Each structure stands twice: as structure tokens, then as C-alpha cells.
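In what follows, a single structure is set out as C-alpha cells and then discussed.
The values are calculated or read from the model by the stated rules, or taken from the named source; none is laboratory data. Computed from a prediction, not measured in an experiment: that's the story for all the values here. So basically every Cβ, Gly included, is an ideal-geometry build from the backbone, and we count neighbours across all protein chains shown. Calculation scope for accessible area: heavy atoms of the full protein, side chains included, ligands and nucleic acids excluded. Shrake-Rupley method; radii C 1.70, N 1.55, O 1.52, S 1.80 Å.
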Amino acid sequence: MALTIYNTLTGRKEPFEPMEPGRVRMYVCGITAYGLCHIGHARALVAFDMIVRYLRYLGYDVTYVRNFTDVDDKIIERAQTEGVSYRVVADRYIEAFYRDFDRLGLLRPDVEPKASDYIDGMIVMIERLIERGYAYAVEGDVFYSVAKFPTYGRLSGKRIEDLEAGARVEVHESKRDPLDFALWKASKEGEPSWPSPWGEGRPGWHIECSVMSGHHLGETFDIHGGGRDLQFPHHDNEIAQSEAATGKPFVRYWIHNGFINIDQAKMSKSLGNILNVEDILKVHHPEVIWLFLLSHHYRSPIDYTEQALSDAKKNLDYFYTTQERCEELVGEDDLEAEAPRPAQAHPAWEEVAGMEAAFRGAMDDDFNSALALGNLFRAAGAVNTFLDSGAEVGEKAALAAAYLSEVQRVGAVLGILGESPSAYFRRGVEGLDAEAIEAHVAEREAARRAKDWERADAIRDDLARRGVILEDRPDGTTVWKVRT
């Protein structure tokens with residue numbers, strides 16, 4: 001089965017055929033840097049990170065571009081409130097972005113352009129739109145004339161006639177039509193500005209992405225991604241201005257991820273339910289977040305609940321426990337060895353042998369990570385059943401080696417199983433880091449040597465209540481793991 005992608009532009013799944021065989025050019029709308037990133041940002045960024053990983057898994061040479069909007073109304077408003085430069089605000093939250101998403105384990109894109117570095121290119125595109133009759137200047141502002149672009153709204157499915165019927169009269173009296181949007185905004189006192197043919201000013205939001213994507217990927221490129229909330233007006237406006245300026249199709253495949261709710265309520269400041277990535281990572285392992293998010297198809301809505309995160313952690317524990325059992329049977333040097341299969345076939349062998357095909361079958365169907373994880377869970381279950389059977393140790397080791405070889409490649413695409421089981425289970429718990437746990441374990445060992453069983457049991461029970469499980473071994477050493 002070849003890769004198919006649901007193309008928002010056409011409203012159907014289509015076989016993926018990049019413009020250049022073996023190469024993919026992909027642009028994803030990044031953040032506007034005026035605040036901390038929340039779980040909604042994580043939902044989008046993890047989805048497109050997974051897509052890039054899978055395209056590279058298939059062997060494509062992917063050029064991945066994701067921007068930063070570092071000059072915008074919201075940034076300027078926060079800067080004015082704080083009495084600092086817009087750059088101070090933007091740089092602060094870009095730094096926070098990297099801190100959060102590096103910790104979450106996202107890939108760094110090949111190019112991460114900042115809007116403020118591309119002002120000259122934006123001016124050139126706006127001049128071209130004016131020359132071609134798609135834009136007009138009024139008292140230092142420049143607006144795009146939506147009525148001049150007959151197919152406006154085809155991405156979101158909105159028609160100009162319907163938009164006009166529901167449009168309110170805009171405050172800005174210079175517009176010829178309420179639907180027209182700003183390409184260039186005349187400067188106001190205290191705002192950042194750049195010189196232009198229309199006077200000092202700054203770009204509108206939509207023109208930024210058209211210029212940055214075109215600069216790095218060409219006038220037409222393969223994939224453009226973003227949240228469903230960006231379809232209208234942002235992506236519709238990108239299409240209108242880019243195609244009017246170049247006379248060429250802008251993007252071949254449009255991909256949009258679904259929304260995320262919090263306990264069945266829309267995430268909003270008014271409800272006070274904004275969940276920042278920084279705070280979530282204080283409680284949950286990064287891979288738990290990946291597993292939770294990718295357990296849903298990227299286009300489907302997600303409901304964030306603590307129970308859902310708890311379930312994701314249990315599933316991740318199960319995957320790591322399976323990996324741990326397998327690693328105990330085989331050494332690292334044996335993972336690449338061609339292991340002999342047992343004389344009598346067992347369903348577990350069929351599951352492991354079919355892991356790659358099952359994974360590709362799921363992911364080729366519009367990046368169905370939920371199905372891919374379900375297949376992986378089934379394979380892990382079959383492996384555990386075989387390891388619990390009466391099969392010979394050599395047969396178990398052979399199956400374990402085959403499973404480990406497959407699961408590591410799959411896990412890398414899905415953002416999980418990137419640690420060793422020992423590192424995963426010994427990472428600490430809230431209020432106790434690994435060093436503190438080791439100190440408790442050493443104290444308990446000393447109590448056991450002194451035959452102070454009451455003290456030893458008290459330490460064990462206290463750690464157990466906090467999610468730390470001790471395993472006493474015959475040689476007297478104690479192994480600990482974090483489990484819930």
C-alpha cells in the first residue's frame with residue numbers, strides 16, 4: 001500500500017506523490033511568540049513531528065520548515081504592557097518554546113525562520129500584488145482585495161458570497177470591502193516599524209508565512225500543515241496572496257490536525273483551563289504525552305483528562321516492561337543476529353514478523369498512529385505470552401531479539417521507547433529524584449543488614465506509596481523502578 005494523505009484542499013485521501021521523486025518539501029505554521037506554549041500547541045507539533053519522522057522512515061529526503069512569528073499584534077501588546085521591546089518578548093518565548101519542546105523530544109526543523117528577518121521579501125511580494133491588481137494602498141496601509149481572487153475560501157469551504165452576507169462593517173474605513181485583509185500596516189507610535197514604499201510600517205500576519213515558505217521551499221511545494229483553526233482565514237489568505245503573486249499553485253497537500261479539549265471543555269483563558277506544556281512536563285514523562293496524543297488520529301478531536309494520561313502511562317510502562325524482558329534474554333550484540341525460528345510455529349512469531357508491514361499499513365493510511373500503536377500493543381502482548389510459555393530459552397531469546405529490532409524502529413517514529421528500560425523506570429517521581437531514591441534504598445539496605453526489619457519495611461512501604469517499587473535479589477542488591 002502506498003502512502004495516502006487526507007488533503008484538506010480536496011476533502012479526500014489522495015496518493016502522495018511529491019513534486020520531486022524521493023524529496024519532500026514541508027512547511028508547518030509555528031507559534032506566535034507572545035506566551036508559553038500549551039497542550040494545543042503540543043498536539044499540533046507532535047503530529048507534524050511524527051509525519052516528518054515517518055516520511056524519513058520511508059526514505060524521503062525531507063526539508064522541514066517551521067516558522068516563528070516574532071512580530072505581531074499580540075506580541076506588541078504584551079511588550080507595551082511590560083514596557084519592553086517586542087524583541088524582548090519574542091526572544092523570551094522562543095527560548096521557552098525550545099526549553100519545552102526539546103524536553104518533549106521534538107525534532108528541530110531543518111529551517112526555523114523568524115518573520116522579522118524576511119521583511120524585504122514581504123515588501124517585494126506586496127509590490128507584486130499591487131502591480132497585478134490584487135492589492136491596494138491607502139494612507140500607509142496595504143490591503144488584499146479578496147473579491148479579485150475568484151476561488152477565495154476553497155480550502156476552508158467558505159464562499160465569498162456567504163462571508164459577505166455575514167460580514168460586519170469593519171472599523172478600518174480605508175478598506176474597500178470588509179473581507180479585505182492587511183498585507184502591510186502603517187506604523188503607530190511606539191510600535192516596531194520598517195521603511196517601505198508606503199511609509200513606515202510592519203507586515204500583516206498572513207504575508208509572513210507566504211514569504212518564508214516560498215523563500216525556503218519554492219513557489220510551489222508539497223505539504224503545508226497547521227491546526228484546523230488556521231484553515232480560515234490564515235491558510236485561505238496564504239493561498240490567495242501566494243497564487244496571485246506567482247500565478248502558480250501554492251501547495252499540493254494541505255494537512256490539518258484536530259482540536260484538543262480539556263475535560264470535554266474547549267480550552268480557553270476565560271475558563272481558566274489552559275494547560276501549559278511546561279506544567280504538564282513537571283508531572284508526566286514526555287513519552288507519556290506522545291503516547292497519549294498519538295493514540296488518536298491526528299485529524300480527530302482529543303479530550304485531555306488526567307485519567308487518559310494515566311492510561312497512557314500504564315501502556316508506556318507495558319511497552320518498556322516488554323522491552324526489558326526481551327533485553328534480559330538477549331545481549332546488545334545479539335540484536336542484529338539472524339535468529340533461528342523454532343520448529344513449531346507460534347502466533348507470536350507471525351506477529352513479530354508482520355510488525356513492519358502492520359506499522360506501514362497503518363501509517364500509510366493517512367498517518368494512522370492510533371492504529372499503529374494498537375498493532376504494536378498486540379505484538380507486545382503476543383511476545384509476552386510466548387515469553388511466559390514453556391518454550392526453550394533459546395527460542396524465547398530469538399523472538400526477543402526479533403521483536404527488539406522491529407520495535408526500536410517503530411518507536412522512533414512514534415516518539416516512544418527512546419530510553420533504556422532501566423533509565424525509564426529509574427527516572428524518579430514527583431518530589432524524589434533518582435539520587436534521593438538511591439539514598440532511601442541505601443538506608444533500607446543498611447537497615448536490613450542490621451536486621452532492623454521494621455525500619456526496612458517502613459522505607460519500602462513509603463517508597464511504594466510514591467510509586468517506587470523495590471525488587472530484592474538473592475545477591476543482596478536492591479533494584480528499584482518507578483511504576484504506577
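Could you tell me whether region 316-329 includes any residue that is of a type in the set (S, T, N, Q), buried (at least 21 other Cβ atoms within 10 Å of the Cβ) and in a helix (DSSP H, G or I)?
Looking through region 316-329, at least one residue is of a type in the set (S, T, N, Q), buried (at least 21 other Cβ atoms within 10 Å of the Cβ) and in a helix (DSSP H, G or I).
Quick one: in region 17-52, of everything that is acidic (D, E) and open to solvent by 40 Å² or more (accessible area, probe 1.4 Å), which residue is nearest to K282 (Cα to Cα)?
E17
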Residue ID - nearest to T10 (Cα to Cα), chosen from residues in region 246-270 that are hydroxyl-bearing (S, T, Y) and open to solvent by less than 90 Å² (accessible area, probe 1.4 Å) = Y253
query = Do you know which of the residues in region 388-426 that are in a helix (DSSP H, G or I) and among the acidic types (D, E) is farthest from T321 (Cα to Cα)?
reply = E395
task = Could you run through region 193-215 and say how many residues are within 21 Å of A33 (Cβ to Cβ) and either surrounded by fewer than 19 Cβ atoms within 10 Å (Cβ to Cβ) or of a type in the set (A, V, I, L, M) (or both)?
result = 6
request  = For E219, state whether it is of a type outside the set (V, I, T), in a helix (DSSP H, G or I), closer than 21 Å to D120 by Cα and open to solvent by 30 Å² or more (accessible area, probe 1.4 Å).
outcome  = no
ask   = So which pairs qualify, if the first residue must be in region 81-101 and over 18 Å from D117 (Cβ atoms) and among the hydroxyl-bearing types (S, T, Y), the second must be open to solvent by less than 70 Å² (accessible area, probe 1.4 Å) and at pLDDT 95 or above, the Cβ gap must be under 8 Å, and the two must be at least 6 apart or on different chains?
value = none
inquiry  = If I ask for residues that are surrounded by fewer than 23 Cβ atoms within 10 Å (Cβ to Cβ) and of a type in the set (S, T, Y), which ones from region 280-303 would you list?
reply    = S295, S300
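A quick yes/no check of all residues on (1) in contact (Cβ under 8 Å) with a residue 60 or more places away in the chain; (2) of a type in the set (D, E, K, R); (3) open to solvent by less than 30 Å² (accessible area, probe 1.4 Å):
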| residue | (1), (2), (3) |
| --- | --- |
| A357 | no, no, no |
| D364 | yes, yes, yes |
| A379 | no, no, yes |
| A401 | yes, no, yes |
| L414 | yes, no, yes |
